[in-house]
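The values are calculated or read from the model by the stated rules, or taken from the named source; none is laboratory data. Every value quoted in this text rests on a predicted model; they were computed, and no experiment measured them. In this analysis, Cβ positions are derived from the backbone assuming ideal geometry, glycine residues included, and neighbour counts consider all displayed protein chains.
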Amino acid sequence: MIEQKGFTLWFTGLSGAGKTTVAKALENELRARGVKVERLDGDTVRESLTRDLGFSKEDRDKNIERVTFVAKLLSRNGVGVLASFISPYRETRAMVAGETTNFIEVFVHAPLEVCAERDVKGMYAKAFAGEIDNFTGVSDPYEEPLSPDIQLNTHEETVEQSVAKVLAYLEEHTYIPVFEGQQA
């Protein structure tokens, strides 16, 4: 393992934008480089840490508050945190930025139509039909970042291109060493 600065890469975007897909691929690349990294994902966190919460604004805020606590502990102890959460509210993301070490906002962008097409669980169809309340981007707002540190346009980029963008940012800002071998 290499000596490293802790950081929190906060992947935000609509459901189906590609947050988890990019974060998983990035996690594999960082681990292959010897970087200490932990991935926190909305679906898996809701199975354990926040299973008692629903999807109201208050519950979403509480979900992010708990995740932020974990990210804060990890990042301040030299771990790279890859956090994939819709986190639809700017104010909530600003709170995360203030609490974690070396916060990097990654806006994973794809148009709503593309996200709906990618939806294997059929959640968007149910939300469009009015069967799901508080569905971000349909019946609940998503506040896009005004000036993200990194923007990934997953409807125009391959996963590898998105990962390369994030790696380049991390190298440029000296969160990870420049890799002399083959890129992802």
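The table below lists the values:
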quantity	calculated
Those residues of region 22-37 which are buried (at least 17 other Cβ atoms within 10 Å of the Cβ) and at pLDDT 95 or above, in sequence order	Val22, Ala23, Ala25, Leu26, Glu27, Glu29, Leu30, Val37
Only one of Thr136, Thr154, Thr101, Thr174 that is hydroxyl-bearing (Ser, Thr, Tyr) and closer than 17 Å to Glu27 by Cβ	Thr154
Filter result (free of Cβ contacts under 8 Å to residues at least 24 places away in the same chain, small (Gly, Ala, Ser) and in a loop (DSSP other than H, G, I, E, B)) within region 135-169	Ser139, Ser147
Matching option when the condition is at pLDDT 90 or above and out of contact with any strand residue (DSSP E or B) (no Cβ under 8 Å at 6 or more places or on another chain), among Asn63, Asn77	Asn77
Looking only at region 59-99, and only at residues there that are in contact with a Pro (Cβ under 9 Å, 6 or more places away or on another chain) and of a type in the set (Lys, Arg), the one that is surrounded by the fewest Cβ atoms within 10 Å (Cβ to Cβ)	Arg90
